[in-house]
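Enquirer: First the structure, then my questions, so here it is.
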Amino acid sequence: MDVTSLYNAEFMDHVAHPDYKYQMENPTCTHEGVNPSCGDELKFSVRLADDGTIDEAAFTGRGCAISQASADIMSDLMVGRTPEEAIHLCDLFERMVRGEVTDEAELEPLEDAEMLKDISHMPARVKCAELAWRTLKEMLEARAAADKDEKGA
Amino acid sequence: MLTQDELSTIEQNPYRGDYPLLSANPDLAFLDSAATAQRPAVVLDAQRHFYETMNANPLRGLYRLSVEATEAIAQTRDKIAAFLGAVDEAGKPCGSQVVFTRNASESLNLVARTLGRSVLKPGDDVVISIMEHHSNLIPWQQICRETGANLVYLRMDENYRITPEEVAAKVGPRAKIVSVTQVSNVLGVENDIPMIARRAHEMGAYMVVDGAQSVPHVRVNVRELGCDLLAFSAHKMGGPMGIGVLWGKPEVLDAMPPFLTGGEMIDSVTETDAVWAPVPQKFEAGTQDAAGAYAFGACLDYLDEKGFGALEVRERLLARYLTDSLAALPYVDVIGPAEGERHVGSVAFNVRGIHPHDVASILDMNNVCIRAGHHCAQPLLAYLGVENGATCRASIAFYNDKSDIDALVDGLAKVWEVFHGRD
Ligand SMILES: Cc1ncc(COP(=O)(O)O)c(C=O)c1O
């Protein structure tokens with residue numbers, strides 16, 4: 001595999017100048033994700049608008065370029081999505097980096113995140129790429145479950 | 001710096017052709033032998049030869065094939081004993097001091113669970129070092145928890161040395177077992193085992209040595225080391241995966257209770273009791289990997305034929321060239337001694353500001369294999385305080401040559417370029 005198929009200028013721009021890496025003020029919810037074997041740590045925050053869509057997404061943390069770039073790319077993709085859409089995209093991303101979905105048309109909703117497709121040829125790095133997506137999904141699912149409990153009560 | 005003669009020695013490579021995987025991948029720079037070595041064709045051939053010509057369950061059958069299989073294992077035991085300098089006054093190898101396991105980890109677990117469980121009492125000390133591989137750390141953590149013994153760490157000074165003062169301070173009258181790695185799998189430094197063993201014995205403690213990274217690269221003589229038990233893996237020296245060794249002094253092995261129980265490890269069994277077979281069978285329950293043991297014998301023959309002394313000298317040169325080459329890169333920090341002479345096999349390093357996993361991935365795309373991560377030594381990396389708790393590690397074996405290390409250096413320049421552009 002050629003270096004530039006993954007570590008290209010666009011990818012490196014997300015590493016060097018992440019637009020979404022900052023501490024958010026008054027987030028609706030925050031969730032932490034770690035990859036103990038890599039030392040990757042990520043804290044992901046979102047603010048939800050009144051209609052329930054993601055109004056703002058941001059992260060802090062440290063780790064390898066893949067985990068950091070992936071978090072930045074994901075944040076960009078998530079703004080304006082409903083939690084259900086977001087969870088669906090997280091699932092699709094997971095299936096892409098595991099090599100389970102390769103069809104371009106099917107991957108289209110991932111937009112720029114498609115640039116991480118080649119991770120599927122780097123099994124050791126799948127966890128790095130997934131960290132942000134897994135963290136977001138866990139957060140949104142936990143929130144949905146809590147909402148349901150509240151309504152049920 | 002290497003002399004012109006030394007450089008020309010490592011430019012040549014009379015060994016690479018003996019290794020099918022390396023021959024099939026001429027552009028591959030394999031610098032991860034500390035994780036597992038490549039295997040020469042003679043080892044692979046031996047494995048096949050065993051199954052084709054002498055396959056039978058060793059120790060069980062009374063027919064000729066089974067006897068041959070049993071013989072093959074016994075001969076390998078002798079080769080290993082000879083390799084480790086475990087010979088009697090007449091110079092005859094003491095094969096009965098060699099116990100086969102699956103790997104160094106199993107050997108160390110065996111020691112912790114048998115020796116540890118039988119000698120440790122609440123308040124006793126088990127002394128290990130801060131540079132242990134998890135395989136010589138977790139078994140002791142567990143057994144200390146179980147027995148109420150304390151786990152005490154030898155720490156190194158700023159020169160990456162475990163000093164006699166540190167050993168005197170930590171190995172005291174409460175010490176019952178001292179278990180230390182001879183060579184660190186991260187830093188590549190060699191510890192002064194004879195010094196530590198002397199202190200351990202003065203205090204009446206057993207001395208266990210993790211030889212996983214030393215036996216493949218330096219001539220280990222168990223008598224000179226002065227240890228009671230030594231653990232290592234065949235796969236890190238060109239033997240098959242799945243064969244490990246525990247060497248022990250006969251009186252120590254005799255006193256240790258068995259580890260796994262079942263077939264092959266008994267003399268006699270009644271409905272209520274069993275009498276253990278003598279060492280080494282006492283520790284070898286069930287069918288052993290006889291083909292693997294036989295192939296490991298072929299590996300030792302290969303090392304003998306090439307001349308272990310010459311291989312050791314060559315590896316020293318490669319380690320010096322590797323250390324010097326890394327230290328010369330302005331964006332690379334060597335983690336460990338700056339002197340190449342002090343590295344046995346391994347050199348740990350980081351590329352400034354770049355996560356080791358990214359370094360390893362980009363090197364991989366340039367056909368260079370190194371290891372990146374915590375190297376199963378998390379307490380060491382925490383103690384060193386390295387960023388991300390991870391480093392890169394390049395490690396050599398005698399079948400490497402100068403071009404492998406030059407490929408690493410070129411690859412690291414590419415890594416830097418990917419992150420910082422060409423300037
Ligand atoms: C110092 C040290 N001890 C123990 C081990 C464990 O060896 P194995 O995985 O063969 O059991 C290793 C392997 O990485 C090692 O480097």
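The values are calculated or read from the model by the stated rules, or taken from the named source; none is laboratory data. No experiment lies behind these values; they were computed from the predicted model shown. All Cβ positions, glycine included, derive from the backbone under ideal geometry; neighbour counts span all protein chains shown. Only protein heavy atoms, including side chains, enter the accessible area calculation; ligands, DNA and RNA are left aside. Shrake-Rupley method; radii C 1.70, N 1.55, O 1.52, S 1.80 Å.
Enquirer: Looking at B:Glu132, B:Glu89, which is the one that is at pLDDT below 95 and charged (D, E, K, R)? Spell out the reasoning first.
Expert: Values: B:Glu132 fails: at pLDDT below 95.
The unique qualifying residue is B:Glu89.
Enquirer: Might you check whether a residue that is within 14 Å of chain B (Cβ to nearest Cβ) and surrounded by fewer than 19 Cβ atoms within 10 Å (Cβ to Cβ) occurs anywhere in the range A:72-90? I'd like the intermediate steps shown before the answer.
Expert: Going residue by residue through the range A:72-90, those that are within 14 Å of chain B (Cβ to nearest Cβ) are none.
No.
Enquirer: Give the residue, chosen from B:Met241, B:Met256, B:Met156, B:Met207, that is under 22 Å from B:Ile396 (Cα atoms) and either of a type outside the set (Asp, Glu) or within 15 Å of the ligand (Cβ to nearest atom) (or both).
Expert: None of the other options fit; the residue is B:Met241.
Enquirer: Taking the range B:55-84 on its own, how many of its residues are over 22 Å from B:Pro240 (Cα atoms) and assigned to a loop (DSSP other than H, G, I, E, B)?
Expert: Matching residues across the range B:55-84 total 4.
Enquirer: Does at least one position in the range A:107-117 carry a residue that is open to solvent by 10 Å² or more (accessible area, probe 1.4 Å), within 26 Å of B:Arg371 (Cα to Cα) and within 14 Å of chain B (Cβ to nearest Cβ)?
Expert: no
Enquirer: While we're here: Considering only the range B:351-393, how many residues are within 16 Å of the ligand (Cβ to nearest atom) and outside any helix (DSSP H, G or I)?
Expert: Going through the range B:351-393 one residue at a time, the tally reaches 13.
Enquirer: Mind telling me which of the residues B:Ala90, B:Ala46 ends up being under 29 Å from B:Pro250 (Cβ atoms) and open to solvent by 50 Å² or more (accessible area, probe 1.4 Å)?
Expert: One residue alone meets the criteria, B:Ala90.
Enquirer: Tell me, which strands (runs of 3 or more DSSP E) lie completely within the range A:1-68 with 3 or more residues that are within 14 Å of chain B (Cβ to nearest Cβ)? Outline the logic, then answer.
Expert: Values: elements: A:29-35, A:40-48, A:54-62.
Qualifying strands (runs of 3 or more DSSP E): A:40-48.
Enquirer: On to the next question. Of all residues in the range B:94-145, which are more than 16 Å from the ligand (Cβ to nearest atom), part of a helix (DSSP H, G or I), open to solvent by 40 Å² or more (accessible area, probe 1.4 Å) and more than 29 Å from B:Leu384 (Cα to Cα)?
Expert: Within the range B:94-145, B:Ser96, B:Arg117, B:Ser118 qualify.
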